[in-house]
1. Compute the whole-percent fraction of alpha carbon pairs in the chain spaced more than 34 Å apart.
2. Between residue 268 and residue 156, what FRET efficiency follows from the Cβ-Cβ distance if R0 is 22 Å, with the result rounded to 0.05?
3. Given all pairs of different Cα atoms, what value in angstroms does the Kirkwood hydrodynamic radius of region 149-224 take?
4. Report the rotationally averaged projected area of region 1-143 based on its alpha-carbon convex hull, in square nanometres.
5. Rg (Å, one decimal) plus Dmax (Å, integer) for the alpha carbons of region 1-85?
6. For the residues 28, 88, what sequence is obtained by ranking on other C-beta atoms within 10 Å, fewest first?
7. Whole Å is fine, so just give me how far the alpha carbon centre of region 47-125 lies from that of region 191-214.
8. Residue 292 to residue 180: extension gain in nm, 0.36 nm per residue of separation minus the Cα-Cα distance?
Amino acid sequence: MLVGLNAGFGRTLAADWPFISSAGFTVVRQVFAVEIDDATLHQLTAEFVGRPIRLLALLGGGENRTARGGRIEPHQFATLGARVARSVADVGLRDALIEVGNEPDIGHPDYANRPRDFAMAVAQTHAAVRQAGHTGVIISGGISNLSRERLDYLERVVPHLSPDIVVGFHRYPHGPGPEQPHPGFANRDAEWVRLKQITGGRQVTCTEFGHHTAPRRYGRLGLVRRRRRVSDQAVADHIVYDLAYFRERGCLASAIYQLNDGPTDRPIDRYGIRRADGTPKPAVAAIAGFVRDLEAKG
């Protein structure tokens, strides 16, 4: 299994490569916006050349919106995918992965409400990327979670996908730890069974998962809810739990969200494996240890 990191978000990783390499990551999920110019696109693909880290190129990113807020149309995904595929070939990358869109079930409402439209975007991009010469992995944009509602969305997409497309998914916890399932499932294995019922014999990959350290509210039996945090060490343990879980179930890759903390104390800004001041959290050593064990097992 490839151990991945969400990083860059459309910007060069030049200053971050030593850190990313030291943690043992074998793939980085980088964003390619529809509006990206040719020079920037080439820069983002070229900086993977000569590294033991593969590029996972996320087409569109965010909420599948253009810079003006409109929906990224299927033909726009396809055009961008072909551009990325050609750049990947031009710089000499032979093992890049290309993902079409991000969390279509909760992103732009046109895709969230019309799964068939998203399947069309994946299908058009698949055709364009293959025509551009890319013979490697193509991933359908990861659904936002493995909850019943999100899996129901995926069930309406998968039948329209080419058999060689890897199915993407994300998994974020419902509770403070990684073991608790989403409502409606007896345990995490039940979530996984449902995913595999939908995807059949297709390969699957987790393009986002993570655990944050922002305050959370807890309460039982009508009592006042208390705000508590999950510690940095607990997050490190939870990340390794998830990595092992996905590896044991044959995921192609599992990509942690994300490289850096943000400036606020909101959950979205507390998923980083590196603090805002640049210091690493315990998760970094835990991930590196997991990768070493993975390599030792062959």
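1. On the way: 7682 of 44253 pairs.
For the chain, the fraction of Cα-Cα distances above 34 Å is 17 percent.
2. Values: r = 28 Å, r/R0 = 1.26.
Efficiency computed from Cβ-Cβ geometry: 0.20.
3. Numbers: mean 1/r = 0.0694 Å⁻¹.
One decimal place: 14.4 Å for the Kirkwood radius.
4. Numbers: hull surface 32.1 nm².
That works out to 8.0 nm².
5. Gyration radius and largest Cα-Cα distance of region 1-85: 13.3, 39 Å.
6. Details: 28 25, 88 28.
Ranked by crowding around the Cβ, least crowded first: 28, 88.
7. So the separation of the two Cα centres works out to 19 Å.
8. On the way: separation 112, 0.36 × 112 = 40.32 nm, distance 2.74 nm.
Extra length available between residue 292 and residue 180 comes to 37.6 nm.
Bear in mind that the values in this text are calculations on the coordinates, not laboratory data. The structure presented is a predicted model; accordingly, all values stated were derived computationally and were not measured. Cβ coordinates were reconstructed from backbone atoms using ideal geometry, including for glycine residues, and neighbour counts include every protein chain displayed.
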